[in-house]
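Note sheet for the following structure.
The values are calculated or read from the model by the stated rules, or taken from the named source; none is laboratory data. Since the model is a prediction, treat every value here as computed from it, not as a measurement. Note that we place each Cβ from the backbone using ideal geometry, even for glycine, and neighbour counts take in every protein chain shown. Heavy atoms of the whole protein, side chains included, go into the accessibility calculation; ligands, DNA and RNA do not. Shrake-Rupley method; radii C 1.70, N 1.55, O 1.52, S 1.80 Å.
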Amino acid sequence: MPATDTAVVDTSPLIYLARIDAMDLLRSVARDVVTPTAVMEEIDVYGPDDPVALAVRASSWLRIVATPEIPPVVHAWDLGPGEAAVLAWALEHPRTEAVIDDLGARRCAAALGVAVRGTLGLVILAKQHGTITEAR
């Protein structure tokens with residue numbers, strides 16, 4: 001059972017999960033999984049034939065959403081475009097969990113009251129739910 005209704009995902013978790021062929025683990029954290037176009041722009045920089053870009057785009061359940069305007073409170077943290085977009089989207093959509101690995105972005109999320117989980121936390125959750133049998 002997913003931990004939340006909606007999760008918004010940053011670049012690094014998508015890259016890590018795509019590289020180990022584990023994109024479906026995101027479905028253990030939320031029923032609706034989204035990523036802003038700013039994140040997709042970071043992934044697409046490696047080209048349309050990049051294995052990560054192909055894996056992310058092949059995940060038909062992953063919704064790509066418009067990047068919201070970055071509020072000044074997020075902009076003040078001087079985050080990368082993907083992290084800022086993820087947090088801005090989470091702020092606009094209460095009860096959304098942000099999946100972010102960047103420490104600065106995680107601190108910003110905590111300061112703004114946005115629920116956050118990293119890739120490792122996602123793997124642990126998947127293990128607890130029985131989605132995967134082993135995690136090390």
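Computed values, structure above
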{"item": "Test: Val65 is modelled with pLDDT of 95 or more and not charged (D, E, K, R)", "result": "yes"}
{"item": "Restricting the stretch 96-136 to residues that are outside any helix (DSSP H, G or I) and hydrophobic (A, V, I, L, M, F, W, C), the residue that is surrounded by the fewest Cβ atoms within 10 Å (Cβ to Cβ)", "result": "Ala135"}
{"item": "Selection within the stretch 74-106 - on the phi > 0 side of the Ramachandran plot and in contact with a strand residue (DSSP E or B) (Cβ under 7 Å, 6 or more places away or on another chain)", "result": "Arg95"}
{"item": "Pick from the stretch 56-70, criterion in contact (Cβ under 8 Å) with a residue 24 or more places away in the chain and polar (S, T, N, Q), ranking: surrounded by the fewest Cβ atoms within 10 Å (Cβ to Cβ)", "result": "Ser59"}
{"item": "Residue among Arg57, Arg63 that is under 12 Å from the mean Cα position of the chain (by Cα), farther than 23 Å from Gln128 by Cα and not hydroxyl-bearing (Ser, Thr, Tyr)", "result": "Arg63"}
{"item": "Selected residue [more than 23 Å from Ala109 (Cβ to Cβ), open to solvent by 70 Å² or more (accessible area, probe 1.4 Å) and without any contact (Cβ under 8 Å) to a residue 40 or more places away in the chain] from Val45, Val52, Val73", "result": "Val45"}
{"item": "Looking only at the stretch 1-38, and only at residues there that are in a loop (DSSP other than H, G, I, E, B) and at pLDDT below 95, the one that is surrounded by the most Cβ atoms within 10 Å (Cβ to Cβ)", "result": "Val29"}
{"item": "Single condition Val45 does not satisfy, out of (1) aliphatic (A, V, I, L, M); (2) closer than 23 Å to Arg27 by Cβ; (3) at pLDDT below 95", "result": "(2)"}
{"item": "Residue match in the stretch 79-90 (condition: loosely packed, with under 15 Cβ neighbours inside 10 Å, at pLDDT 95 or above and either in contact with a helix residue (DSSP H, G or I) (Cβ under 9 Å, 6 or more places away or on another chain) or farther than 17 Å from Thr6 by Cβ (or both))", "result": "no"}
